[in-house]
1. Search the range 21-64 for residues being farther than 17 Å from ASN4 by Cβ and hydroxyl-bearing (Ser, Thr, Tyr), and hand back the single one that is surrounded by the fewest Cβ atoms within 10 Å (Cβ to Cβ).
2. Scan the range 97-112 and give yes if some residue there is touching a residue at least 40 places away in the same chain (Cβ under 8 Å) and over 19 Å from ARG172 (Cβ atoms), otherwise no.
3. Pick out the one residue from ILE105, ILE92 that is surrounded by 13 or more Cβ atoms within 10 Å (Cβ to Cβ), under 22 Å from GLY18 (Cβ atoms), at pLDDT below 95 and of a type in the set (A, V, I, L, M, F, W, C).
4. Working only within the range 2-47, note down all residues that are more than 14 Å from the chain's Cα centre (by Cα) and at positive phi.
5. Limited to the range 102-126, what total is found for residues that are farther than 12 Å from GLN11 by Cβ and in contact with a strand residue (DSSP E or B) (Cβ under 6 Å, 6 or more places away or on another chain)?
6. Pull out all pairs, ordered by first then second residue, where Cβ-Cβ is under 7 Å, the residues are six or more apart or on different chains, the first lies in the range 33-45 and is within 16 Å of THR97 (Cβ to Cβ), and the second is of a type in the set (S, T, N, Q).
7. Can you find a residue that is part of a loop (DSSP other than H, G, I, E, B), closer than 30 Å to ASP15 by Cα and among the charged types (D, E, K, R) anywhere in the range 140-152?
8. With the structure loaded, tell me whether GLY168 is surrounded by fewer than 13 Cβ atoms within 10 Å (Cβ to Cβ), of a type in the set (Gly, Ala, Ser), more than 22 Å from the chain's Cα centre (by Cα) and in a loop (DSSP other than H, G, I, E, B) or whether it fails that test.
Amino acid sequence: MVDNPKHIEVQILGDEYGNLVHLFERDCSLQRRFQKVIEIAPAPSLKQKTKDALYYYALRIAKHVNYSCAGTVEFLVDEQENIFFIEVNPRIQVEHTVTEEVTGIDIVRAQILIADGVALSAPAIDIQNQNEISCNGFAIQCRITTEDPQNDFKPDYGTIIAYRNAGGYGIRLDEGSSYQV
């Protein structure tokens, strides 16, 4: 049993030429009904030793299968910072945006270029090695969901009658279709 786990994900990029990098980690622990609600990059409460182990494991798994593309290696980390592997998602995930914000790397663009045979080190992507990638500041993603608070917050649907975007310096909006009636 894993007590009070944190759900930690490590974003990776790999190309067809054996080049592989991690784009640090994000904490996706705040969830309701197994759906992520808030993601934070980097994970603010992990020791650097634990983060380094997560990067090592993520890259080792990806290297073992000659991974090529963008992907996410997911782990649980318990209170003592023991690490447990969950899965690899070989795709872009909704929470990739917080990683983009702290690394400055356009993961969607990189994924498309990699699928077209471009190397990570090519000018179009321009990631020469792991040491060139830095994590700057923090980013938080909050998902707005439709739930019914009078029915144990179960998922709900309906007509949007009012909606106002957040805005201002440092605010990035990635939204589905929403409109006011």
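1. TYR56
2. Checked the range 97-112: no residue is touching a residue at least 40 places away in the same chain (Cβ under 8 Å) and over 19 Å from ARG172 (Cβ atoms).
3. None of the other options fit; the residue is ILE92.
4. Answer for the range 2-47, where residues must be more than 14 Å from the chain's Cα centre (by Cα) and at positive phi: ASN4, GLY18, ARG33, PHE34.
5. 1
6. VAL37/GLN31; ILE38/GLN141; GLU39/GLN141; ALA41/THR99
7. No, because not a single residue in the range 140-152 is part of a loop (DSSP other than H, G, I, E, B), closer than 30 Å to ASP15 by Cα and among the charged types (D, E, K, R).
8. So GLY168 fits the description; yes.
The values are calculated or read from the model by the stated rules, or taken from the named source; none is laboratory data. Here the structure is a predicted model, which is why all the values come from computation and not from measurement. All Cβ positions, glycine included, derive from the backbone under ideal geometry; neighbour counts span all protein chains shown.
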